[in-house]
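Working notes, structure below.
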Amino acid sequence: MLHNWGIRATLALSLAAITAIAGLMIGASIEAVVVALVGGVAAVLMAIGNGDAEGEPMPSAQPASTPVASATLLGEIIAAIAEPVLVIADRRVLHANAAARALLGEHIPGGDVRLAIRHPAAAERLVTPGGADGAQPIHLVGLGTRDQRWEMRVHDLSTGERIVHLLDRSGAYAADRIRVDFVANASHELRTPLASILGFIETLRDEAGEDPQIRDRFLKVMYDEANRMRRLVDDLMSLSRIEAEKFREPHESVDLAALVEEVRGEIAAASNGRGADLCTVVGDVPAVRGDRAQLSQVLHNIVGNAMKYGRPGTPVTIALQGDGRAMVRLSVTDEGEGIAPEHLPRLTERFYRIDSGRSRAMGGTGLGLSIVKHIVERHRGRLDIASVQGAGTTVSVLLPTGTMSSNRNTAATKAP
């Protein structure tokens with residue numbers, strides 16, 4: 001039977017472990033959990049020491065087994081943590097969880113911590129107690145892949161060990177870069193037409209406005225540039241609204257076949273003679289779950305692009321068919337010049353253009369496919385772009401079906 005001190009030690013260790021696991025489950029910081037665990041183990045060791053001083057008998061094997069048990073428990077706790085965590089003492093790595101070994105190497109336990117985390121900014125903090133600035137994180141670049149950004153936090157324990165916690169901040173860094181690039185690009189896109197308008201206004205004020213032909217030509221350019229700014233502002237506002245709703249899945253049932261025919265008629269009527277090139281091939285497909293206004297925007301964008309960049313006199317085909325997996329496939333195919341493979345992965349980036357001059361001349365803002373991508377993501381769908389240079393481009397959108405069903409036979413139609 002266990003002596004009284006043994007019962008107390010067992011209960012204390014159990015409570016320390018339960019407290020640490022509960023802390024992880026409720027979202028407590030890793031450092032706080034480890035401090036609580038080590039503090040509990042220290043209390044157990046003190047209790048054992050007091051028991052010995054009071055004359056209570058202790059089995060000879062117990063003093064050696066308790067530290068081993070506490071070290072094992074500490075290793076099990078950090079093993080449950082998803083982020084890379086190391087426990088170090090005297091510049092050596094005592095424990096490293098699976099995430100830390102995957103990032104820094106399987107060989108790091110037992111080795112010098114400065115060799116495990118080879119970074120100039122980290123070396124001093126790893127070997128020197130933090131003091132007043134110990135809680136300040138250190139930002140590291142180069143661990144893992146070249147593009148990864150890490151935040152290192154070191155916490156000193158009262159028992160002498162130190163906890164090293166690495167947090168992956170690559171996503172936040174990438175988001176900041178996207179935001180900065182977006183603001184810079186938007187400013188540039190707005191500044192260019194604004195500078196043109198101001199320049200023509202100055203010219204008209206300096207007697208150029210007295211010639212009716214020059215005045216009319218300048219006013220037309222100013223009108224076109226102002227319209228370009230309006231389109232850009234409209235697209236920016238549209239993109240902002242779509243992003244604000246991206247986590248709210250639409251539940252409206254949309255008859256996509258009817259919407260395709262409606263958009264085809266609208267674009268054909270406004271295509272200045274190219275309406276006859278626009279064809280539809282609509283199969284018997286069910287309705288989709290979606291936002292009708294946003295899906296109309298998707299169609300207008302991708303069909304409009306196909307009409308702009310397809311060769312005059314060649315067909316632009318809108319096809320709608322079931323995909324056999326509770327999905328509907330919408331595809332728009334043109335027979336234009338096609339797109340080089342290196343451009344395809346970047347087409348949905350904001351303001352990315354293959355030919356900036358041609359895009360601006362055709363009234364493009366550089367945001368159309370970015371808007372399409374965000375709408376498709378909100379609809380839990382998928383966007384694919386395939387192209388062969390000299391043959392044309394196909395833009396495909398896969399959308400989940402809704403509850404309605406349409407009873408249409410497969411047909412091919414051509415705009416009048």
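So here's what we get for this one:
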read-out: Qualifying residue in the range 272-283 (condition: among the acidic types (Asp, Glu), assigned to a loop (DSSP other than H, G, I, E, B) and either in contact with a Phe, Trp or Tyr (Cβ under 8 Å, 6 or more places away or on another chain) or assigned by TED's automatic domain parsing to the domain that holds Val388 (or both)); value: no
read-out: Some residue of the range 237-250 being assigned to a helix (DSSP H, G or I), in contact with a Leu (Cβ under 9 Å, 6 or more places away or on another chain), among the hydrophobic types (A, V, I, L, M, F, W, C) and under 16 Å from His379 (Cα atoms); value: yes
read-out: Per-region count, the range 227-258, residues under 17 Å from Ser296 (Cβ atoms), of a type in the set (A, V, I, L, M, F, W, C) and in contact with a Gly (Cβ under 9 Å, 6 or more places away or on another chain); value: 3
read-out: Residue match in the range 348-360 (condition: modelled with pLDDT of 85 or more, under 24 Å from Leu236 (Cα atoms), surrounded by 15 or more Cβ atoms within 10 Å (Cβ to Cβ) and in the same structural domain as Cys279 (by TED's automatic domain parsing)); value: yes
read-out: Criterion: at pLDDT 85 or above, in a helix (DSSP H, G or I), assigned by TED's automatic domain parsing to the domain that holds Asp323 and closer than 27 Å to Arg289 by Cα - qualifying residue of Ile385, Ile371; value: Ile371
read-out: All positions within the range 113-172 that are within 18 Å of Val93 (Cβ to Cβ) and touching a residue at least 60 places away in the same chain (Cβ under 8 Å); value: Arg153, His155, Leu157, Thr159, Gly160, Glu161, Arg162, Ile163, Val164, His165, Leu166
read-out: Conditions (1) of a type in the set (A, V, I, L, M); (2) under 21 Å from Thr401 (Cα atoms); (3) part of a helix (DSSP H, G or I); (4) in contact (Cβ under 8 Å) with a residue 24 or more places away in the chain; number of the one not met by Ala293; value: (4)
read-out: Given (1) touching a helix residue (DSSP H, G or I) at 6+ places or on another chain (Cβ under 7 Å); (2) closer than 27 Å to Thr348 by Cβ, number of the condition Arg215 does not satisfy; value: (2)
read-out: Test: Glu261 is within 21 Å of Arg329 (Cα to Cα), part of a helix (DSSP H, G or I), of a type outside the set (A, V, I, L, M) and at pLDDT 85 or above; value: yes
read-out: Qualifying residue in the range 210-232 (condition: surrounded by 13 or more Cβ atoms within 10 Å (Cβ to Cβ), aromatic (Phe, Trp, Tyr) and modelled with pLDDT of 80 or more); value: yes
read-out: Residues of the range 319-334 classified as among the hydrophobic types (A, V, I, L, M, F, W, C) and assigned to a loop (DSSP other than H, G, I, E, B), total; value: 1
read-out: Filter result for Leu140 (outside the structural domain of Tyr352 (by TED's automatic domain parsing) and farther than 22 Å from Arg353 by Cα); value: yes
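The values are calculated or read from the model by the stated rules, or taken from the named source; none is laboratory data. Note that the structure is predicted; figures quoted are calculated from it, not measured. All Cβ positions, glycine included, derive from the backbone under ideal geometry; neighbour counts span all protein chains shown.
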